[in-house]
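The values are calculated or read from the model by the stated rules, or taken from the named source; none is laboratory data. What you are looking at is a predicted structure, and each value in this text was computed from that prediction instead of being measured. Methodologically, a virtual Cβ is constructed for each residue, glycine included, from the backbone with ideal geometry; neighbour enumeration extends over all protein chains shown.
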Amino acid sequence: MPSAPFDIHRFMAVLGSHYPEWQAPVVTLIAERGATPFEILVSTLLSLRTKDQVTIVASRRLLAAARTPEAILALDVDAIGRLIYPVGFWKTKAERLRQVSAVLIERHGGQVPASLEALLALPGVGRKTANLVRIEGFGLDGICVDTHVHRISNRVGYVRTKTPEQTEMRLRGKLPRRYWVRYNEILVAFGQVICQPVSPWCSRCPVADLCRQVGVKHRR
C-alpha cells in the first residue's frame with residue numbers, strides 16, 4: 001500500500017487517459033449536446049437517485065415537451081409525472097420541477113441564475129446540483145461532489161472526510177484548480193465502471209498503485 005504523499009497529478013492524468021473508455025455522466029453528455037442552463041438543471045434534478053440510463057430517456061422525453069420554466073408550468077403534475085416516469089421519486093420530482101420553474105419566473109425572469117447562492121435558494125437544489133449547473137450550464141469553475149466523488153476521494157486517501165459537503169470544502173482547499181471542472185465527470189465515470197461502491201474492480205484499476213483502499217473489504 002502506498003505511503004508517499006498522494007500524487008493527484010498522476011491520478012488525474014491516468015484516469016483522464018482512460019476516461020474515453022468509460023461512459024460519461026449523463027448530465028455531461030446532455031451538456032455536450034448544447035443544452036441550456038435550464039435543461040441542465042432539469043436533467044440534474046431528475047438524475048438524483050436515478051440510474052443514468054433512466055435519466056437520459058426521461059430528460060429527453062420531458063424536454064421534448066417543455067424546454068422552459070413557462071412550458072413546465074403549462075403542464076400539470078400528472079403530465080410531468082408521466083413524462084419522467086420511472087425516475088426515482090418521480091411524483092416528488094414532478095412537483096419540484098413546477099416549484100423550481102415558478103421561482104425562476106418570479107425571481108429571475110425565467111432564467112437560471114449563475115450564482116451559487118441563488119441556485120441553492122431554489123427548491124430542492126443542493127450543493128451538488130448547484131455546482132453541476134454552474135459547471136455544465138455556465139462553464140464556471142466549481143467542484144461537484146456526489147457519492148462517487150466523496151467515496152473515491154476518501155478511498156484513495158486523498159481526503160479524510162465524513163460527508164460530501166466536507167469533501168467539497170476539503171477539495172476546494174486542496175485540489176489544484178485546473179482539475180476542478182473535470183474531477184466530477186472523470187470520477188463519476190470511474191466510479192460507475194471500476195471503483196464501484198461494493199467490491200471494486202481493483203484488478204482492472206489503472207491507478208491501483210496509488211490507492212490506499214481505505215474502507216475496502218472486498219475487491220475483485
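Has segment 106-119 got any residue that is within 21 Å of residue 49 (Cα to Cα) and of a type in the set (Lys, Arg)? Lay out the reasoning, then the answer.
First, the residues of segment 106-119 that are within 21 Å of residue 49 (Cα to Cα): 119.
Still in the running and of a type in the set (Lys, Arg): none.
Checked against the condition, which is being within 21 Å of residue 49 (Cα to Cα) and of a type in the set (Lys, Arg), segment 106-119 yields no hits at all.
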Inset, instruction - Please go through segment 122-141 and pick out each residue that is closer than 13 Å to residue 112 by Cβ and of a type in the set (D, E, K, R). - result: 134, 136
Inset, instruction - Could you please tell me which pairs satisfy a Cβ distance under 9 Å, a separation of 6+ or placement on different chains, a first residue in segment 75-92 that is touching a residue at least 24 places away in the same chain (Cβ under 8 Å) and closer than 14 Å to residue 54 by Cβ, and a second residue that is of a type in the set (Phe, Trp, Tyr) and assigned to a helix (DSSP H, G or I)? - result: 84/90
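Within segment 52-72, how many residues are assigned to a helix (DSSP H, G or I) and surrounded by fewer than 17 Cβ atoms within 10 Å (Cβ to Cβ)? Outline the logic, then answer.
Of all residues in segment 52-72, those assigned to a helix (DSSP H, G or I) come to 52-65, 69-72.
Next cut, surrounded by fewer than 17 Cβ atoms within 10 Å (Cβ to Cβ) only: 53, 57, 60-61, 64-65, 70-71.
Summing the residues that are assigned to a helix (DSSP H, G or I) and surrounded by fewer than 17 Cβ atoms within 10 Å (Cβ to Cβ) in segment 52-72 gives 8.
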Inset, instruction - Scan (1) modelled with pLDDT of 95 or more; (2) closer than 20 Å to residue 37 by Cα; (3) in contact with an Asp or Glu (Cβ under 6 Å, 6 or more places away or on another chain) for the single condition residue 62 breaks and write down its number. - result: (3)
Inset, instruction - For segment 81-113, name all the residues that are over 19 Å from the mean Cα position of the chain (by Cα), of a type in the set (Val, Ile, Thr) and under 17 Å from residue 56 (Cβ atoms). - result: none
Inset, instruction - Answer yes if at least one residue in segment 153-160 is exposed (fewer than 14 other Cβ atoms within 10 Å of the Cβ) and either in the same structural domain as residue 194 (by TED's automatic domain parsing) or touching a Gly at 6+ places or on another chain (Cβ under 8 Å) (or both), and no otherwise. - result: yes
Legend entry - For residue 115: the one exception among (1) at pLDDT below 95; (2) loosely packed, with under 14 Cβ neighbours inside 10 Å; (3) polar (S, T, N, Q): (1)
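If the requirement is being part of a helix (DSSP H, G or I) and closer than 25 Å to residue 194 by Cα, which of these qualifies: 105, 135?
135
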Legend entry - Cross-chain or 6+ apart pairs with Cβ under 9 Å, segment 31-45 first and at pLDDT below 85, then among the small types (Gly, Ala, Ser): 31/43; 31/137; 32/24
Inset, instruction - Output the qualifying pairs, or none if there are none: Cβ atoms under 8 angstrom, residues six or more apart or on different chains, first residue in segment 142-171 and farther than 24 Å from residue 114 by Cα, second residue part of a loop (DSSP other than H, G, I, E, B) and among the basic types (Lys, Arg). - result: 154/160; 155/212; 156/212; 157/212
Legend entry - Selection from segment 197-220 of residues that are modelled with pLDDT of 95 or more and either polar (S, T, N, Q) or not in a loop (DSSP other than H, G, I, E, B) (or both): 202, 203, 204, 213
Legend entry - Complete set of residues in segment 154-184 that are within 15 Å of the chain's Cα centre (by Cα) and more than 28 Å from residue 36 (Cβ to Cβ): 167
Legend entry - Any chance residue 172 is outside any helix (DSSP H, G or I) and surrounded by fewer than 20 Cβ atoms within 10 Å (Cβ to Cβ): no
Legend entry - Count - residues of segment 145-165 that are part of a loop (DSSP other than H, G, I, E, B) and over 16 Å from residue 192 (Cα atoms): 7
